[in-house]
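The values are calculated or read from the model by the stated rules, or taken from the named source; none is laboratory data. Small disclaimer: the values here were computed from a predicted structure and weren't measured. All Cβ positions, glycine included, derive from the backbone under ideal geometry; neighbour counts span all protein chains shown. Just so you know, the surface numbers come from the protein's heavy atoms only, side chains and all, with ligands and any DNA or RNA stripped out. Shrake-Rupley method; radii C 1.70, N 1.55, O 1.52, S 1.80 Å.
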Amino acid sequence: MSLSAVLLAAATPSPSPSPSETAVTVPSLQDAQESATNAASWVEQNWSTWLAIGLRVLLILVIATVLRMTVRRAITKLIDRMNRTVESVDGTALGGLLVNAERRHQRSQAIGSVLRSVASFVILGTAALMVLATFEINLAPLLASAGVAGVAIGFGARNLVTDFLSGVFMILEDQYGVGDQIDAGVASGEVIEVGLRVTKLRGDNGEIWYVRNGEVKRIGNLSQGWATAGVDVTVKASENLDRVKATLDSVTEKMTKEEPWNELLWGPIEVLGLDSVLIDSMVVRLSARTMPGKSVTVERELRWRVKRAFDEANIRIVGGGTATEDAGEPDDPTAAVAAPSVYSNSDSPQVAATSPISSQRPGTR
């Protein structure tokens, strides 16, 4: 074909299609029958595969549901057994002192909630991955994305994660509970609520402190075990030590036998002896083991009784190095007046001796 023929063919407009040619072709009955036959044959060839996949997914879901219910029921029974054990010792004397029903109940509920949540997350997450693997879905990108998202969330919410983990270990280790008197460093007071993220304290003045569990670096629990009550009594150095000790022994013996102090005291009140000796005073120390949280009450009552007993025995209680003379000795009215000075008289020889020597001019006598 020559070049002129090609250019002539390109310049000649192509004929437009006729309306009959643009009409939609309607499939015939034979075409529909062929499509239905192909679909039926495809279903016949793949129905066993889809049935196997459906049965496998159903089996996974049933096993995951049954396993989750079983594990949650086992955790609930374990928590109930813990509560029954606590209730069995609650009626004893030691149980009444060491067991706090509200504290144990809240601790057990928190532990049960954490365990049930962890069990549900692990079981249902594993079942979801197994279902996706059944449909032959590549899990590598999904797991990689989940790992990256987990790292990002961990960095973004690290304080929240720290608070949560600290709360979980605090509850599992039973570091403190509702009703305990604690010193958390950042705040101190009575625990009124324990959570996985925040602990609520009631301060001495009635204020409420919200302490994040992740911010607590050390805990001083004043309500576990026993407490120590210590009282220092300062008397004059001239007092008779035997008489002081005898008076203190009578006070401590009487207080130990009276109610309700005999229940608050977990041991005898001991007179430990001289804690320090100064020039005009000496300190005698008393100590006793008390019920947790009752040391301040015992100390106040013991000071009250010691003061009354010393007043009856005419034993002076002084304030360390600020001891004063006996009240019976009269005060000297001239003690605060300075002694007269010879320099106050201008005609005295002492004043004349201190007068400056007058300067004389040369050649004069």
Meets criteria (surrounded by fewer than 12 Cβ atoms within 10 Å (Cβ to Cβ) and of a type in the set (Asp, Glu)) for ASP242: yes
Matching residues, the range 146-170, being modelled with pLDDT under 80, surrounded by 11 or more Cβ atoms within 10 Å (Cβ to Cβ) and in a helix (DSSP H, G or I): ALA146, ILE153, GLY154, ARG158
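Yes or no, residue by residue, for (1) surrounded by 11 or more Cβ atoms within 10 Å (Cβ to Cβ); (2) modelled with pLDDT under 85; (3) of a type outside the set (A, V, I, L, M, F, W, C):
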residue: LEU51; (1), (2), (3): no, yes, no
residue: LEU97; (1), (2), (3): yes, yes, no
residue: LEU115; (1), (2), (3): yes, yes, no
residue: ILE123; (1), (2), (3): yes, no, no
residue: LEU129; (1), (2), (3): yes, no, no
residue: GLU136; (1), (2), (3): no, yes, yes
residue: ALA144; (1), (2), (3): no, yes, no
Selection status of VAL298, under 30 Å from ASN221 (Cα atoms), part of a helix (DSSP H, G or I) and modelled with pLDDT under 90: yes
Which numbered condition LEU132 fails, given (1) assigned to a helix (DSSP H, G or I); (2) in contact (Cβ under 8 Å) with a residue 40 or more places away in the chain: (2)
VAL131, sole failed condition from (1) farther than 30 Å from GLU270 by Cα; (2) within 24 Å of the chain's Cα centre (by Cα): (2)
ARG303 in a helix (DSSP H, G or I), open to solvent by 20 Å² or more (accessible area, probe 1.4 Å), among the charged types (D, E, K, R) and touching a strand residue (DSSP E or B) at 6+ places or on another chain (Cβ under 9 Å): yes
Hits in the range 193-225 - residues which are assigned to a loop (DSSP other than H, G, I, E, B), of a type in the set (A, V, I, L, M, F, W, C) and surrounded by 16 or more Cβ atoms within 10 Å (Cβ to Cβ): LEU196, VAL216, LEU222
Long-range neighbours under 8 Å by Cβ, at least six apart or interchain, first residue modelled with pLDDT under 85 within the range 263-288, second of a type in the set (Asp, Glu) and part of a strand (DSSP E or B): ASP275/ASP232
Filter result for the condition that a residue is under 33 Å from the mean Cα position of the chain (by Cα), open to solvent by less than 80 Å² (accessible area, probe 1.4 Å) and either farther than 30 Å from GLY195 by Cβ or not β-branched (Val, Ile, Thr) (or both), over GLY267, GLY273: GLY267
Of the criteria (1) among the small types (Gly, Ala, Ser); (2) more than 30 Å from ARG107 (Cα to Cα); (3) in contact (Cβ under 8 Å) with a residue 24 or more places away in the chain, which one ALA152 fails: (3)
